[in-house]
1. Please give the FRET efficiency for residue B:253 paired with residue B:130, using the beta carbon to beta carbon distance and R0 = 30 Å, rounded to the nearest 0.05.
2. Across peptide A:70-76, what mean number of C-beta atoms from other chains lies inside 10 Å of a residue's C-beta?
3. Students often check this: by mean Cβ neighbours within 10 Å, which of A:150-156, B:218-224 ranks highest, and how do the rest follow?
4. Separation between the residue A:57 and residue B:92 pseudo-spin-labels, each 7 Å from Cα along Cα→Cβ, expressed in nm?
5. Please compute the Kirkwood hydrodynamic radius of the range A:69-167 from all pairs of different C-alpha atoms, in Å with one decimal.
6. Sorting check: for B:86-94, A:93-101, B:187-195, which peptide has the highest mean count of neighbouring beta carbons within 10 Å, and how do the rest follow?
7. Starting at 0 and stepping by 5 Å, how many percent of the alpha carbon pairs of the range A:116-218 end up in each bin?
8. Once Rh for the range A:92-147 is found with the Kirkwood sum over Cα pairs, what is the Stokes-Einstein diffusion coefficient at 37 °C and 0.692 mPa s, in µm²/s?
């Protein structure tokens, strides 16, 4: 089984030289720690920064320089600032190569729900609906089951939808999943996890040959 | 603020050489006793005519780049029944949270409002109305207003409850929602530097919604950290031209509260 860093490290294999990448809050943020040495990837923060750097050293925090999670950050050589309309302009026009976000539920047709739980205080969708409506390459990083033990990979979402048929890949602590016409496709298993176990925890339609390899990191 | 005369100015009209360029020194024009001056003495003066029931845009993302002196002036003024268009609603004791404490806000139009307990209380009790819209839609509806376009099409929210009751249209096989430009009485924004003509420059990610809202307001009030003389801002680096800005306020002693102070540890 993978821990959060394992999920992030698995997703980091999707990165390529020259990619512009938007990382959501939570596990997606950890992907930044696994950008391979020597690879040039620019991180987009939708509050108006391309080329997000690491957290600042203590004492050099700048209240005017934060990321979309409102954390103090830094710039890097080659960074640029822009306003919020341009930020979503580059997202909407498909310039961002990879978008990684968390989810509460993913449906077997690629629908995603990640902004609202009926009956609970609704905080808002932030930029999530814009991202899922437009990004070309959306990877979801999440836990496979919720706290009640119910699968988050479902035939269809039960929570209010964030976006339709947009997820390309899902990485959970149990494995890596793609999509075909019928539903989820198991691509790789997490170390020590059997296909039967994954099938049991996946309530949406899952295609598996039973021979899927374990996840390998370079 | 008074126009500062160039010490090398000749007594009468004529050509002078200054800052590597030649200028025709026209004493009539330069002695204009009423030069353009959008500077107000303070935020209270700049916001004096805001009435109950007004629709306001407030710049900022989280607590970054919010017009904190304008918010303080609105709290002092006690104006009520406001509709506030702002990406977030501040925290309990800072930003728009201060206006919520005084029950001054009737409706919030935002994309994310998660950091505010008083907000939640007023929402659940029905005192406060909230319209949650996608962040890019919020930005683009501001942009449309500033660019003089009545509406825009965006794919954000298609198939979700955001789409309910909205006109949609297909372009190239993909569905888009029709979203209207905002119509705000005032835009209150925070910039880094300005001159008395209203030209604005923003700093780092404190830019966010500020230029868009500055362009969108019927009356735009910009509070700034630094006032400079006309000519000191490089025209190449002006983010919002003064034509969009009606009132300027110099703010002092900015608190600039940090919402999530994150630092690097020597080992990471």
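1. For residue B:253 and residue B:130, the calculated efficiency is 0.40.
2. Mean shielding count: 5.
3. Descending packing order for the listed peptides: B:218-224, A:150-156.
4. Result: 3.6 nm between the two label points.
5. Final number for the Kirkwood radius of the range A:69-167 is 14.9 Å.
6. Descending packing order for the listed peptides: B:187-195, B:86-94, A:93-101.
7. Result, from short to long distances: 2, 11, 21, 23, 19, 12, 8, 3, 0 percent.
8. Using the Kirkwood radius from Cα pairs, D works out to 265 µm²/s.
Where a number appears in this text, it was derived from the coordinates with a stated rule and is not lab data. From a predicted model like this one, the values you see are computed outputs, not experimental measurements. Please note: Cβ atoms are built from the backbone with ideal geometry, for glycine as well, and neighbour counts cover all protein chains shown.
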